[in-house]
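Everything below concerns the one structure shown next.
The values are calculated or read from the model by the stated rules, or taken from the named source; none is laboratory data. For clarity, every value in this text was computed on a predicted model and none was experimentally measured. Cβ placement follows ideal geometry from the backbone for every residue including glycine, while neighbour counts extend to all protein chains displayed.
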């Protein structure tokens, strides 16, 4: 009987979705940026707007009234409080607590990691030949980030902080050897923040592990999930998703130049088995997505 009701609900959602989604005025609330220098929201919001524009619905996007750190934001979304969408790296627990839209927001670029370091430590990295050399150093990471568990499971020594601004403070004070940041994050943060001028981008190394940032909604909101997934799929099909991705990350991809770095491959034990790794169009390819030097922005 339970299975019968569940099937009936799924069928009903499928039948009503076009009527409900197109007639509604969608009020979407997302976590407010930590501060005015926090540019991490720019690309996900642009992608969300693109996806919604592909569906033709009326919508409004509003940040939460207060700042919500990632762990708090996840708990609030799970309880349908303050926000009704967020974007975060996926793992099994998050997919259990929330409803994932399984199209990687950053095309997996979030799993390509370069290092921000204090320039006084440059010599520590010039002689690194393998992962074991890195594990003898101390990485800085957020306490509630999946990346922390991924690094630790691969034998890395990790010093955790509540949120990423403190990681930069620690780095400037030499209280950590390096801060692994996604290619999509590192350069923008260096340019946007008033950082210690001694913090620089390490020029020759990178880490890679399969990882995805998804849009998540509350599990009781499958209609919103389907709406956004439909828009993302349409953007993938007409090429506007990739165009937006390259436009937002062109400078970072050129500056970081993954193809010229020594890349250490790591295992991600947190990656859910439902991750669509069999769809190449969803994922960053260093050869395909690296812009030519002469390309126009």
Failed item, numbered, when residue 159 is tested on (1) crowded, with 22+ Cβ neighbours inside 10 Å; (2) in contact with a strand residue (DSSP E or B) (Cβ under 7 Å, 6 or more places away or on another chain); (3) not in a loop (DSSP other than H, G, I, E, B): (1)
Single unsatisfied condition, residue 113 versus (1) within 24 Å of residue 268 (Cβ to Cβ); (2) at pLDDT below 95; (3) outside the structural domain of residue 229 (by TED's automatic domain parsing): (2)
Top-ranked residue in the stretch 251-261 [being within 26 Å of residue 146 (Cα to Cα) and without any contact (Cβ under 8 Å) to a residue 60 or more places away in the chain; ranked as surrounded by the most Cβ atoms within 10 Å (Cβ to Cβ)]: 257
Within the stretch 168-226, strands (runs of 3 or more DSSP E) holding 3 or more residues that are free of Cβ contacts under 8 Å to residues at least 24 places away in the same chain: none
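Against the definition (within 30 Å of residue 175 (Cα to Cα) and surrounded by fewer than 18 Cβ atoms within 10 Å (Cβ to Cβ)), how does residue 91 come out, yes or no? Step through it out loud before you land on a result.
Details: within 30 Å of residue 175 (Cα to Cα): yes; surrounded by fewer than 18 Cβ atoms within 10 Å (Cβ to Cβ): no.
When the stated conditions are applied, residue 91 does not pass them.
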Count of the stretch 271-297 residues which are modelled with pLDDT of 95 or more, part of a loop (DSSP other than H, G, I, E, B) and surrounded by 18 or more Cβ atoms within 10 Å (Cβ to Cβ): 3
Hey, residue 247 in contact with a strand residue (DSSP E or B) (Cβ under 9 Å, 6 or more places away or on another chain) and either outside any helix (DSSP H, G or I) or farther than 29 Å from residue 169 by Cβ (or both) or not: no
Members of the stretch 58-87 that are in contact (Cβ under 8 Å) with a residue 40 or more places away in the chain and in contact with a helix residue (DSSP H, G or I) (Cβ under 6 Å, 6 or more places away or on another chain): 78, 82, 83, 86, 87
Residues located in the stretch 183-209, provided they are modelled with pLDDT under 95 and either assigned by TED's automatic domain parsing to the domain that holds residue 245 or within 23 Å of residue 269 (Cβ to Cβ) (or both): 183, 184, 185
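Being closer than 23 Å to residue 262 by Cβ and within 21 Å of the chain's Cα centre (by Cα), is that true of even one residue in the stretch 191-200?
First, the residues of the stretch 191-200 that are closer than 23 Å to residue 262 by Cβ: 199-200.
With the extra rule that they be within 21 Å of the chain's Cα centre (by Cα), the set shrinks to none.
No; the residues of the stretch 191-200 include none that is closer than 23 Å to residue 262 by Cβ and within 21 Å of the chain's Cα centre (by Cα).
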Residue within the stretch 207-226 that is touching a strand residue (DSSP E or B) at 6+ places or on another chain (Cβ under 7 Å) and farther than 30 Å from residue 29 by Cα present: yes
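Is there a residue being out of contact with any strand residue (DSSP E or B) (no Cβ under 9 Å at 6 or more places or on another chain) and closer than 13 Å to residue 43 by Cα anywhere in the stretch 230-242?
Restricting attention to the stretch 230-242, the residues satisfying the condition of being out of contact with any strand residue (DSSP E or B) (no Cβ under 9 Å at 6 or more places or on another chain) are 230-231, 233-242.
Checking the rest, the ones that are also closer than 13 Å to residue 43 by Cα come to 241-242.
Looking for residues that are out of contact with any strand residue (DSSP E or B) (no Cβ under 9 Å at 6 or more places or on another chain) and closer than 13 Å to residue 43 by Cα, one finds at least one in the stretch 230-242, hence yes.
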